[in-house]
Amino acid sequence: MSKQERGVTLKDVAREACVAVTTAGKVLANRASEFRISRQTAQRVHEVAERMGYVPSHAARLLRSNKSGLIAVFFADATDPITAGILHSILKNLPAHGYFPIVTVEQEGLNEARATWQRNRVEGVILCGDSPQVRPSLLANLGRDGIVSLMAGNYRLPAKTPKSFARTATVRVDDRAGIELAIRHLVEQRRRRIAYISGPATSFDAVERRNAYEELIRERHAPIFADNLGDERYWNRGYLGAMQLLEKHKPRVDAVMAYDDPVAMGAIKYFSDNGVRVPEDIAVVGFDNQPEAEYSIPSLTSIHQPVDEIGRKSVELMKRMLQQQAKPEHLLVSPRLMARGSTIKG
């Protein structure tokens, strides 16, 4: 049987690259630096593997190292472009770091997901998105199973923050820095009565953003104007929030910050329906810089979430925890302001 028929093996690659089989295995598992294998040797092994068309066997890897190289990615809310962007980045970066993803969607259910993870002996789990299924008990069970966990992006806020949350790594946007960018921009546009339309109280980033708004406005000794809505979501929340703010506050506010872009667009719709001009009469800022922001009328000023960086840093942190036994970290990624027509006159 020829090599083409049986497939190129790790032993074939090692022989061609003039290294030991164990050395070739460590290089192709992206662990060369960990074992102090020279850059020249690692490069030669990679070049030989690519030229010979070597495809690593998951079973062989498990036998060699007793490590599966598999990372489970639990994906919530397929309709949210921010979560989808983070997921895309994670799936792009995992293979580059020597890991293989197993994607589980929220609709499959947590019990089925955990069974899949245990059956495939995953080394880590990345929880991506705001899911009510991500409870403290899940994180505690993962820890007891010896599975490293990380939450990427937004997540559901528990009633109390238990130790299992503190032991779980997180990578997310710096919400406070984003709110500060928005307030500074509005002040530069000579806005003084800045209001806020909040997000759902169960969402971690919604709580962080509202708290940041209130704290930063107090620091400026300015009045706080915030909505008092219940469980309304997305565009309708923005529409009702804008209605509440205008009916409640006299003189009228001259700027509105929104929890996210759909909420901001809902507010703009209310203003348009009621003869309030944006940005001439009132400025509006969203958060997340979702694709629709650039195409709303007027185009929406928003705080950009660097989803690609969040995904990349999530994978890098997971790798450090697995290969270097690094402690869980809580990383914040810097946002940036995208100034557009909803805040800038003329």
Assuming R0 = 41 Å, can you tell me the calculated FRET efficiency for the pair Y295 and E50, based on Cβ-Cβ distance, to the nearest 0.05?
0.45
Got a sec? Charge dipole of the chain, +1 on Cβ for Lys and Arg, -1 for Asp and Glu; which of V103, T41, F204 is way out at the positive end?
T41
About its Cα centre, what dipole magnitude does the chain give when the only charges are +1 on Lys and Arg Cβ and -1 on Asp and Glu Cβ, stated in debye to the nearest 20?
1340
Rg/Rh (Cα only; Kirkwood hydrodynamic radius) as it applies to segment 90-157:
0.93
Using DSSP to define loop residues, name the trypsin sites (Lys or Arg not before Pro) in segment 226-310 whose beta-carbon has at most 11 other beta-carbon atoms within 10 Å.
R277
What angle do you read, to the nearest 10 degrees and between 0 and 90, between the alpha-carbon axis of helix 204-219 and the longest principal axis of the chain?
50
Quick check for the chain: number of Lys pairs with alpha-carbon distance under 24 Å, counting only pairs 8 or more apart or on different chains?
25
Here the Kirkwood hydrodynamic radius of the chain, Cα-based and in Å, equals 22.4
Within segment 274-314, GluC sites (Glu not before Pro) in DSSP loop having at most 15 other beta-carbon neighbours inside 10 Å
E280
Semi-axes, largest first, in whole Å: what does sqrt of 5 times each Cα gyration tensor eigenvalue give for segment 175-305?
18, 17, 15
Mind giving me the nanometre distance, one decimal, between the label points for R277 and T9, set 7 Å out from Cα along Cα→Cβ?
7.8
Contact order normalised by length for the chain, with contacts defined as Cα pairs under 8 Å and 6 or more residues apart; what percent is it?
16
CD proxy, 222 nm, the chain: helix-only mean residue ellipticity via -39,500 (n - 2.57) per DSSP H run with n ≥ 4, per residue, nearest 500, stands at -13500 deg cm²/dmol
Expressed in nanometres to one decimal, the distance between label points 7 Å along Cα→Cβ at R121 and T202 is 3.7
Using distinct alpha-carbon pairs, which all enter the 1/r mean, Kirkwood radius of segment 255-346 in Å:
14.7
Label point distance in nm, Q107-Q325, each placed 7 Å from Cα along Cα→Cβ:
4.2
Cα convex hull volume per residue for segment 253-299 (Å³)
60
Need the full-extension length gain, C18 to K345, defined as separation in residues times 0.36 nm minus the C-alpha distance. One decimal, nm.
111.0 nm
Could you tell me how many degrees, from 0 to 90 and to the nearest 10, lie between the Cα long axis of helix 81-96 and the main elongation axis, the longest principal axis, of the Cα atoms of the chain?
20
Nearest-0.05 FRET efficiency for E316 and S137 at R0 = 45 Å, using Cβ-Cβ distance, is 0.95
At R0 = 41 Å, how high is the FRET efficiency between R39 and V187 if r is their beta carbon distance? Nearest 0.05 is fine.
0.20
Signed unit charges on C-beta, dipole axis of segment 175-305, positive-most listed residue I303, I194, S272:
I194
If one takes the longest principal axis of the Cα atoms in the chain, at what angle in degrees, from 0 to 90 and to the nearest 10, does the Cα axis of helix 261-273 lie?
30
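None of the figures in this text is laboratory data; all of them are computed from the coordinates on show. Keep in mind that what you see is a predicted model, and the values were worked out from it rather than measured. Ideal geometry is used to build each Cβ from the backbone, glycine not excepted, and the neighbour counts take in all protein chains shown.
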